[in-house]
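Student: Pasting a structure here, questions to come.
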Amino acid sequence: MPELPEVETVRRGLEPAMVGTRLIGVDQRRPDLRFPFPENFARRLAGRRVEALGRRAKYLLADLDDAQVLVMHLGMSGSFRIEASARGALPGAIGQAAAKNAAHDHVAFDLSTGARIVYNDPRRFGYMLLIARAELASHPLFKTIGLEPLGNELDGAALAARFAGKTTSLKAALLDQSLIAGLGNIYVCEALHRAGLSPRRAADSLARKDGTPSERAHVLARVIREVLEEAVAAGGSSLRDHRQTNGALGYFQHSFRVYDREGFACQKPGCGGTVKRIVQSGRATFFCGSCQR
DNA sequence: AGCCGATCCTGGATGC
DNA sequence: TGCATCCAGGATCGGC
């Protein structure tokens, strides 16, 4: 489910509820998600104060007052919701939708404010880890992570340099978290369409023969940032599971130009092409065969 | 070294 | 209606 915009939406929702509060109790309802929870997970979190809530790539990072970081990944179907109090249920349709899914509520954090934050994940591809802050950067999960697209790292030159010598497709390279972080299937398809680049084009074609970045590289870097920022502003894309922490749906799915739009007309003015669906390394790719070259 | 397919898991959509 | 099949926003692993 969650690519960078969805994770960032969740972060912005959780931040005001969590930062500065203490974790009074942690209700861990099963031994594992994708991986086993850390040893004594609930006990190690109890009483800790949350100092900051950050994001790197698709990871949420809660800085704790004991120099540990609670690392959370939402996998394909993970979501957080905030309940106003430990006992209280949310009113109306949002509350009902949450209650219906309660079988997949795997962790709940009770905060010193009385709020409760619940992690729900039907497919259980998500996970939570505790890592010492000093060891975070050298941790296997983080030391190989690529460019952060919303930071200052991403520009055409950096992208072309990362992709230099890669014989794989642009689609596969953009999905590779060790090259550029945070993109998933949706935003790769959308960015390539906006850039007018074929997903089948070789990744190293972003650089000229002399190694300098081509115009394509600059355009692609710009539209990646653009589509991610627009999606964050829309609260992410809600296809199945993604919700904002207040239960509301994101609405960027209404702005898709190619993703899941096989057979529809290309929306680029004057193009006249049709959106196609192909499979690349086992995953659906949506693109316009006319204007993406 | 680097790429591809299989795999973890559940639920929704589709087809017979 | 029921059952089987396929597909899904991710990322790791083994095999080649």
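The values are calculated or read from the model by the stated rules, or taken from the named source; none is laboratory data. Bear in mind the structure is a predicted one, so any value in this text is a computation, not a measurement. We place every Cβ from the backbone using ideal geometry, glycine too, and count neighbours over all the protein chains shown. Accessible surface is based on the protein model in full, side chains and every heavy atom, while ligands, DNA and RNA are left aside. Shrake-Rupley method; radii C 1.70, N 1.55, O 1.52, S 1.80 Å.
Student: For chain A, give the percent of accessible area contributed by carbon and sulfur heavy atoms, probe 1.4 Å, rounded to a whole number.
Tutor: Values: 6430 of 13150 Å².
Using a 1.4 Å probe with all protein chains present, chain A comes out at 49 percent carbon and sulfur.
Student: Something else now. Expressed as a whole number of Å, what is the distance separating the alpha-carbon centroids of the stretch A:208-276 and the stretch A:164-207?
Tutor: 13 Å
Student: Along the Cα→Cβ direction, 7 angstrom out, place labels at A:E39 and A:N246. What is the inter-label distance in nm?
Tutor: That separation, rounded to one decimal, is 4.3 nm.
Student: Which order do A:Y59, A:Y187 take by accessible area at a 1.4 Å probe, largest first?
Tutor: Descending order: A:Y59, A:Y187.
Student: Let me ask something additional. Once fully extended, how much extra length lies between A:E262 and A:K209, figured as 0.36 nm per residue of separation less the alpha-carbon to alpha-carbon distance?
Tutor: Contour length minus the Cα-Cα distance gives 15.6 nm.
Student: For A:K166, which aspartates and glutamates qualify as cross-link partners when the Cα separation must be under 14 Å and same-chain residues fewer than eight apart are set aside?
Tutor: A:D176, A:D204
Student: Excluding ligands, DNA and RNA, what is the solvent-accessible area per residue of chain A at a probe of 1.4 Å, expressed in Å²? Intermediate results must be reported in sequence, preceding the final value.
Tutor: Values: 13150 Å² over 293 residues.
Heavy-atom accessible area per residue stands at 45 Å².
Student: Can you compute the FRET efficiency between A:R49 and A:S290 using 1/(1 + (r/R0)^6), with r the Cβ-Cβ distance and R0 = 45 Å? Round to the nearest 0.05. Walk me through the numbers on the way to the answer.
Tutor: Details: r = 55 Å, r/R0 = 1.23.
Taking R0 as 45 Å, the efficiency between A:R49 and A:S290 is 0.20.
Student: Moving on. Using Cα springs under 10 Å in a Gaussian network model of chain A, which residue among A:I117, A:I180, A:I24 shows the largest mean-square fluctuation?
Tutor: Highest fluctuation of the listed residues: A:I24.
Student: Top mean-square fluctuation among A:N120, A:N185, A:N152, Gaussian network model of chain A, C-alpha springs under 10 Å?
Tutor: A:N152
Student: While we're looking at this one, here's another question. Want the number for A:N152 to A:D32: 0.36 nm per residue separation, take away the alpha-carbon distance, what's left? Numbers along the way, then the final one.
Tutor: Details: separation 120, 0.36 × 120 = 43.20 nm, distance 3.60 nm.
Between A:N152 and A:D32, full extension yields 39.6 nm more.
Student: Heavy atoms only, probe 1.4 angstrom, no DNA, RNA or ligands counted: give me A:K58, A:K166, A:K143 ranked by accessible area, highest first. Walk me through the numbers before you get to the answer.
Tutor: Working: A:K58 35, A:K166 80, A:K143 135 Å².
The ranking, largest first, comes out as A:K143, A:K166, A:K58.
Student: Need one number for chain A: average projected area of the convex hull over its C-alpha atoms, nm².
Tutor: On the way: hull surface 63.7 nm².
Mean shadow area of the hull around the Cα atoms is 15.9 nm².
Student: OK, next. For chain A, modelled as a GNM with alpha-carbon contacts under 10 angstrom, which of A:R116, A:R44, A:R55 fluctuates the most?
Tutor: A:R44
Student: Pull up the cross-link candidates among the lysines for A:K268, meaning alpha carbon to alpha carbon under 19 Å and not fewer than 8 places away within one chain.
Tutor: Within reach: A:K276.
Student: A further question follows. For A:K58, give me every one of the lysines with a C-alpha distance below 21 angstrom, ignoring sequence neighbours fewer than eight places off in its own chain.
Tutor: Hits, sequence-local ones excluded: A:K143, A:K171.
Student: Report the accessible area of A:T9, computed with a 1.4 Å probe over the heavy atoms of all protein chains in place, in Å² rounded to the nearest 10.
Tutor: That residue has around 10 Å² of solvent-accessible surface.
Student: A:L249: accessible area at probe 1.4 Å, nearest 10 Å²?
Tutor: 90 Å²
Student: Between A:R222 and A:E135, what length comes free when the chain is fully extended (0.36 nm per residue of separation minus the Cα-Cα distance, one decimal in nm)? Let's see the in-between values first.
Tutor: On the way: separation 87, 0.36 × 87 = 31.32 nm, distance 3.25 nm.
Residue separation times 0.36 nm, minus the Cα-Cα distance, leaves 28.1 nm.
Student: With label points built 7 Å along Cα→Cβ from the Cα atoms of A:C271 and A:D65, find their separation and express it in nm.
Tutor: 5.3 nm
Student: Of A:R240, A:R12, A:R194, A:R293, which has the most accessible area with a 1.4 Å probe, and how do the rest follow in descending order?
Tutor: On the way: A:R240 190, A:R12 130, A:R194 35, A:R293 155 Å².
These residues rank, largest area first, as A:R240, A:R293, A:R12, A:R194.
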